[in-house]
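The values are calculated or read from the model by the stated rules, or taken from the named source; none is laboratory data. Fair warning: this is a prediction, and the values are worked out from it, not measured in the lab. So basically every Cβ, Gly included, is an ideal-geometry build from the backbone, and we count neighbours across all protein chains shown. Surface accessibility is based on the protein's heavy atoms, side chains included, excluding ligands, DNA and RNA. Shrake-Rupley method; radii C 1.70, N 1.55, O 1.52, S 1.80 Å.
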Amino acid sequence: MTDLERFRAETRAWLEAHCPAECRGPMADDEMIWGGRDATFKTPAHKLWLERMGARGWTAPEWPAEYSGGGLSREEAKVLASELRRIKAQPALASFGVWMLGPALLAFGTEEQKKRFLPEIVRGEIRWCQGYSEPGAGSDLAAIQTKAEDKGDHWIVNGQKIWTSYADKADWIFCLVRTDADAPKHLGISFVLFDMKTPGVTTRPITLISGKSPFCETFFDDVRVEKENLVGTLNRGWDVAKYLLAHERTMIGAMGEVGGGRPVGQVALDAIGADEAGRLDEPMLRARIADMEIDAAAFRLAMERVGDQVKAKQAHPAIASMLKYYGSELNKRRHELLMAAGGADALEWEGERSHDGKTARDWLRTKANSIEGGTSEVQLNIIAKHLLQLPGA
Ligand SMILES: Cc1cc2nc3c(=O)[nH]c(=O)nc-3n(C[C@H](O)[C@H](O)[C@H](O)COP(=O)(O)OP(=O)(O)OC[C@H]3O[C@@H](n4cnc5c(N)ncnc54)[C@H](O)[C@@H]3O)c2cc1C
């Protein structure tokens, strides 16, 4: 038996024994476990599942064990992922800390910052939000105006962020601030961390087209930020911001790969029924679903290949834009098909039968996939310039 085979056998046995029955099977987006000081859990079993996975470091399998990560090699992490898939385990934790901040801290943080923040992220104890966009700085992110004034051992931050996902639920924020107003715009930005309970931080939720309100306007009025919470070099926060964005874009792209919920073909079969040969009794829709599933399978393999390239330090820095673009467009296609499969029922906005318009609300939510984390147009610009090396306009 090879080491990897032994690892698979042990992992399988551990998961069988420790993944509660309630935490297996499809999980709706709004049932995700986000952790944090005010964490809520769908059931007590979901709390236990997070505690068990967090204690083993398997919420961040490839992070070093010295920071409470799983310390797994790339190959071991793939085995873990496939064993989790095998038992249809639900994610123990959804976390901007794991997906975005953690990788940036590993690359740019001080030893103290890594020791302080990474274990809390792994265990899901602190929930993070992202303070990048501002009313005048979205696609042109380097135009941010939120100002940090140097007061010796701390800064005083004033300004406004917008579209800050879950700002009203988050414990801490990773935030871009302008620390040098006279430097060229990319060179006067710093990347700082602070507690959302610091006096002077207020949030105001914004309602989405889907009727939900997961993101906010976030205001900073004379907010004190300690200098020890600067990540990376002063005025070089743009490097940290870009590195983090690559992880964010890959994470958003992965939505195309994973899909979540029940397979589209199954949903369509339940709604429309089968023909005599047992196939979906709607040939046009059947072909569209098959097309989408084939593209999703190819995308899954592309994600895996890029993951290997990243680990081997052979990936082009702009590759995350390709994953983000394709994965978010794929997720939008999947939800278009779910709407088509659901027929008139899928359009229902309220009521028990439609679970309060779940299909329609989820479909509308996917419209934002090609905006959040950088729009599809911006990703296409990056792909054209940096991957295809096409001439600029
Ligand atoms: C659901 C959701 C969650 C979000 N969460 C967060 C968050 O947690 N934290 C955070 O900081 N931000 C967040 N954002 C903000 C997101 O990053 C921005 O919306 C995004 O970067 C686009 O910026 P903008 O909205 O200012 O649009 P704009 O930049 O004003 O763009 C408007 C339109 O112009 C197009 N455009 C702009 N520039 C170009 C160009 N050079 N070439 C071609 N077309 C162009 C865009 O593609 C878009 O269609 C979130 C957004 C959404 C929708």
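In region 132-145, the residues that are open to solvent by 50 Å² or more (accessible area, probe 1.4 Å) form Cβ pairs under 9 Å with partners that are of a type in the set (Asp, Glu) and more than 6 Å from the ligand (Cβ to nearest atom), at six or more places apart or across chains, as follows: Pro135/Glu217; Gln145/Glu134.
Taking the criterion of being away from the ligand (no atom under 16 Å from the Cβ) and open to solvent by 70 Å² or more (accessible area, probe 1.4 Å), would at least one residue in region 355-367 satisfy it?
Narrowing region 355-367 to residues away from the ligand (no atom under 16 Å from the Cβ): 355-360.
Keeping just the survivors that are open to solvent by 70 Å² or more (accessible area, probe 1.4 Å) gives 355-356.
For region 355-367, residues away from the ligand (no atom under 16 Å from the Cβ) and open to solvent by 70 Å² or more (accessible area, probe 1.4 Å): present.
Looking across region 146-162, the residues that are crowded, with 19+ Cβ neighbours inside 10 Å and away from the ligand (no atom under 12 Å from the Cβ) come down to Ala148, Trp155, Val157, Gly159. Taking residues in region 293-307 that are farther than 17 Å from Met251 by Cα, and partners anywhere that are assigned to a helix (DSSP H, G or I) and open to solvent by less than 20 Å² (accessible area, probe 1.4 Å), the pairs with Cβ atoms closer than 8 Å and at least 6 places apart or on different chains are Glu293/Val264; Asp295/Leu330.
Rundown of residues vs (1) modelled with pLDDT of 95 or more; (2) closer than 27 Å to Tyr132 by Cα, yes/no style:
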residue: Met27; (1), (2): no, no
residue: Ala39; (1), (2): yes, yes
residue: Trp58; (1), (2): yes, no
residue: Ser68; (1), (2): yes, no
residue: Leu72; (1), (2): yes, no
residue: Ser82; (1), (2): no, no
residue: Pro103; (1), (2): yes, yes
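Candidates are the residues of region 172-199 that are farther than 20 Å from Arg127 by Cβ and of a type in the set (Asp, Glu); the one that is nearest to the chain's Cα centre (by Cα) is Asp180.
Filter region 63-96 down to the residues that are without any contact (Cβ under 8 Å) to a residue 40 or more places away in the chain and in contact with a helix residue (DSSP H, G or I) (Cβ under 7 Å, 6 or more places away or on another chain) and list them by number. Scanning region 63-96 gives Gly70, Gly71, Leu72.
Checked against the criteria, Lys313 does not count as open to solvent by 30 Å² or more (accessible area, probe 1.4 Å) and within 16 Å of the ligand (Cβ to nearest atom). Of the strands (runs of 3 or more DSSP E) lying entirely inside region 183-244, the ones with 1 or more residues being surrounded by fewer than 20 Cβ atoms within 10 Å (Cβ to Cβ) and within 15 Å of the ligand (Cβ to nearest atom) are found at 201-206, 215-226. The residue that is nearest to the ligand (Cβ to nearest atom), counting only those in region 368-393 that are open to solvent by 90 Å² or more (accessible area, probe 1.4 Å) and not in a loop (DSSP other than H, G, I, E, B), is Glu377.
Take Asp180 and decide whether it is in contact with a Ser or Thr (Cβ under 8 Å, 6 or more places away or on another chain) and part of a loop (DSSP other than H, G, I, E, B). Spelling it out, it is not the case that Asp180 is in contact with a Ser or Thr (Cβ under 8 Å, 6 or more places away or on another chain) and part of a loop (DSSP other than H, G, I, E, B). Residues of region 163-173 that are near the ligand (Cβ under 7 Å from one of its atoms) and either among the small types (Gly, Ala, Ser) or open to solvent by less than 30 Å² (accessible area, probe 1.4 Å) (or both): Thr164, Ser165.
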